[in-house]
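Peer 1: Input: one structure, supplied below.
What follows is calculated from the coordinates using simple rules that are stated; it is not laboratory data. Here the structure is a predicted model, which is why all the values come from computation and not from measurement. Heads up, the Cβs are rebuilt from the backbone with ideal geometry, glycines too, and the neighbour counts pull from every protein chain shown.
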Amino acid sequence: MFKQLLTLHLQKQLCFSKLAHRHRLNFYYFNHKSMIQNIIKRVKNIRKQKYISKRSDLKFAFIGIGSHSINNLYPIINYFRLDLKYIVTNSKKNADLVDQNFSNNIGTNDLDKVLADDEVSGIFICADPSAHFNLVKKSLQANKHTFVEKPPCTNVKELESLIETERVSKGSCLVGFQKQYAPGYTLIKNKTNGQCSYNYRFVLGMYPEGDPVLDLFSHPLSLIVFLFGAVRSSNISVTSSKGNLTVFLQLTHNNDTLGSIELSTDYSWKNAKEHLIINTKKGIYEIKDTDELIFFQKEKSIFKVPKEKVFNTQNASIILKQRNNFNPILENNQLYSSGYFSEIENFVKICNSENSINNSSLSSCQSLFTLINAIKKEIKRV
């Protein structure tokens, strides 16, 4: 009888002990969960306050209000909460429309008035490419920091003139070659510093409204010079069909890097592609449309026989950068992955005299225009 009572008592104690342990676990779980939720809430609140309080003390002016400005540049200017005092257009009618519909901006077609305004520290220029040279020159002569969409001018002589104007100006110029600020490409540049080889395709649709070499091909050519340095020698072939242009280049850079490039307007805008493959000693880097950067490690060999030909091995690949459309954060925005965000961020830093990176200065365009000049000579010859 005593043993039965003792057993029953011990069972009750064990039951209460298990129940208490379960309650303790639940208490710790809910406390832990609550703590994590509070941390997430605080991080979100800090991020929100950081954005709300973000505002530049400087004033800016923007020359141009076309499709590229509206879709790609104005949204970032708005994100940084820049004080855009003026929007400059080429007609009084458009200037009046800006005045009516943009409550915080002054619409004007009087550029001299804007350049004479001492409150304006920086000028954004995104007009017709043929007008860029004169606009940049005037802006620098007025000692304004200047952001200009590519191309900054149309030939080597004009570029040299702008470089000299900038040298004696209090203002600096950043050219809108945004690929040189794209996270994927800046990462590649740091990882492939040295001799390698590459293959680059940049293919688009027909472009009857302008000069495809200056307006379109200057982007990939500028990127190639940024990544691999100045070109020592080039072999250029050109084909033209029904108004479409295709350029093939075999390049040797000063650091002995070898490259093969295809630039074309003979494809389709709906199926436009940009694809860069870089072959290094350690492995292969592949980037598609600035959205995805993958590294493929090279297989080792045994007595000069690749292991992958002998053994059934899986190709080891690492995703270094990838834009995720599902997660709506800044880094997954296409304007960020394409480099527009960072180029404007660095221009604002230049205006604020902060530490900045100018990957697309006027002087850095010299090698680019040497290439453009060589391509145009070949087009003329053909």
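Peer 1: Pull up all non-local amide H partners of LEU320: gap of 5 or more, or a different chain, and H-to-H distance under 5 Å with H placed in the peptide plane.
Peer 2: Under 5 Å from the amide H of LEU320 lie the amide H atoms of LEU293, ILE294, PHE295, each far enough along the sequence or on another chain.
Peer 1: How much net charge surrounds ASN190 when only other residues with a Cβ under 14 Å from its Cβ are counted (Lys, Arg +1; Asp, Glu -1)?
Peer 2: Taking every Cβ under 14 Å from that of ASN190, the sum is +4.
Peer 1: Also: By how many nm would the segment from SER260 to LYS170 lengthen if fully extended, with 0.36 nm per residue of separation less the alpha-carbon distance?
Peer 2: Gain on stretching SER260 to LYS170: 28.4 nm.
Peer 1: Relative to the longest principal axis of the chain, what angle (0 to 90°, nearest 10) does the C-alpha long axis of helix 132-141 take?
Peer 2: Between the helix axis and the principal axis of the chain, the angle is about 80 degrees.
Peer 1: Between SER103 and LEU58, take the C-beta separation as r, use R0 = 22 Å, and let me know the FRET efficiency to the nearest 0.05.
Peer 2: For R0 = 22 Å, the calculated efficiency reads 0.65.
Peer 1: From the alpha carbon gyration tensor of region 59-171, can you work out the equivalent ellipsoid semi-axes (sqrt of 5 times each eigenvalue) and give them in Å, largest to smallest?
Peer 2: Value: 23, 15, 13 Å, ordered largest first.
Peer 1: In degrees from 0 to 90, rounded to the nearest 10, what is the angle of the helix 340-351 Cα long axis to the longest principal axis of the chain?
Peer 2: 70
Peer 1: Which semi-axis lengths, in whole Å and largest first, follow from the square roots of five times the eigenvalues of the Cα gyration tensor of the chain?
Peer 2: Sorted largest first and rounded, they come to 51, 35, 18 Å.
Peer 1: Please work out how much length the chain gains when fully extended from ASN355 to SER67, using 0.36 nm per residue of separation minus the C-alpha to C-alpha distance, in nm with one decimal.
Peer 2: This chain segment gains 100.6 nm when fully extended.
Peer 1: Separate question: Starting from the Kirkwood Rh over alpha-carbon pairs, what translational D in µm² s⁻¹ does region 144-224 have by Stokes-Einstein at 4 °C and 1.567 mPa s?
Peer 2: In µm²/s, the coefficient rounds to 86.
Peer 1: By how many degrees, 0 to 90 and rounded to 10, does the Cα axis of helix 366-381 deviate from the longest principal axis of the chain?
Peer 2: 60
Peer 1: Of PHE133, LEU320, ILE106, whose Cα points farthest to the positive end of the dipole of the chain (charges on the beta-carbon: +1 Lys, Arg; -1 Asp, Glu; origin at the Cα centre)?
Peer 2: The residue sitting most towards the positive pole is LEU320.
Peer 1: Also: Roughly how many nanometres apart are two label points built 7 Å out from the Cα toward the Cβ at ASN325 and ASN78?
Peer 2: 2.2
Peer 1: How much net charge surrounds SER172 when only other residues with a Cβ under 12 Å from its Cβ are counted (Lys, Arg +1; Asp, Glu -1)?
Peer 2: +3
Peer 1: Oh, and also: State the dimensionless ratio Rg/Rh of region 217-373 (Rg: radius of gyration of Cα atoms; Rh: Kirkwood radius).
Peer 2: Using Cα coordinates only, the ratio equals 1.02.
Peer 1: How many angstrom separate the Cα center of region 114-165 from the Cα center of region 249-291?
Peer 2: The distance from the Cα centre of region 114-165 to that of region 249-291 comes to 30 Å.
Peer 1: Counting only C-alpha contacts under 8 Å and six or more residues apart, can you give the relative contact order of the chain as a whole percent?
Peer 2: Once normalised by length, the contact order is 14 percent.
Peer 1: Once the piece of chain linking PHE296 and ASN143 is laid out straight, how much longer is it, given 0.36 nm per residue of separation minus the C-alpha distance between them?
Peer 2: 50.3 nm
Peer 1: Build a GNM of the chain with springs between Cα atoms under 10 Å: which of GLN195, GLN178, GLN100 gets the top mean-square fluctuation?
Peer 2: Of GLN195, GLN178, GLN100, the most mobile in the Gaussian network model is GLN100.
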